[in-house]
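The values are calculated or read from the model by the stated rules, or taken from the named source; none is laboratory data. Bear in mind the structure is a predicted one, so any value in this text is a computation, not a measurement. For neighbour counting, all protein chains shown are included, and Cβ atoms are generated from backbone atoms with ideal geometry for every residue, glycine included. For accessibility, only protein heavy atoms count, side chains too; no ligands or nucleic acids. Shrake-Rupley method; radii C 1.70, N 1.55, O 1.52, S 1.80 Å.
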Amino acid sequence: MIKLLCLYAHLLATCVALGVIISTDLGVAWSLTGARACVPPPNRYVEALITGALIMLWITGAGLIGLGLMDRPDFVYGNPKLQAKIVLVCMLTLNGILLHNLVFPRLHEDKLLCDWSLKDKLALAIPVALSNGLWMYAALLGIARPWSYSAEFWHVVEGAALPVLIVFGTIYKDRKS
């Protein structure tokens, strides 16, 4: 029963995080349809929801790993998919810290998108694409049970590149004013 409750809390935190990220990014994408638009930073409520969800995901993820180790001593070391997910979640967390401390504060400058330099556009597009792609892929790994104990570590890690590249290609367009 404890494992089921932990898994349910993990699922709910995933849903909250993905829902907030997708809805926020769709709003940003909508604002980018006009070259004379500014990119709004996420508000405090959005930041609190994502931060809270990420903390809950770390807690429940650690709980699920602990419970898995009690059932099976090779739960982590024999499961390259889980190892890759841990690495990707660490990357996602570090990228989130970068976004909130370095990228989002720059959005308060009220600078029109058409006035941004290529460097500024890439400074936004790359970490946002990384964030979105990794969130989606980490959620996929949560349900990719057939890959447990069978998929190779690098195969799983390399798989994260595709959603990141798709998101980057979708959100980044060098607009000429």
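Taking (1) free of Cβ contacts under 8 Å to residues at least 24 places away in the same chain; (2) not in a helix (DSSP H, G or I) in turn, LYS111 satisfies each apart from (1). For the range 53-63, a residue qualifies if it is without any contact (Cβ under 8 Å) to a residue 24 or more places away in the chain and not β-branched (Val, Ile, Thr), and exactly one does: ALA62. Taking the conditions (1) surrounded by 13 or more Cβ atoms within 10 Å (Cβ to Cβ); (2) of a type in the set (Lys, Arg); (3) out of contact with any helix residue (DSSP H, G or I) (no Cβ under 9 Å at 6 or more places or on another chain) in turn, LYS119 satisfies each one other than (1). Just so you know, in the range 99-116 the residues that are more than 16 Å from ASP25 (Cβ to Cβ) and among the aliphatic types (A, V, I, L, M) include one that is most open to solvent (accessible area, probe 1.4 Å), and it is LEU102. Selection of the range 64-95 for residues being in a helix (DSSP H, G or I), touching a residue at least 40 places away in the same chain (Cβ under 8 Å) and not polar (S, T, N, Q) yields LEU64, LEU67, PRO80, LYS81, LEU82, ALA84, LYS85, VAL87, LEU88, VAL89, MET91, LEU92.
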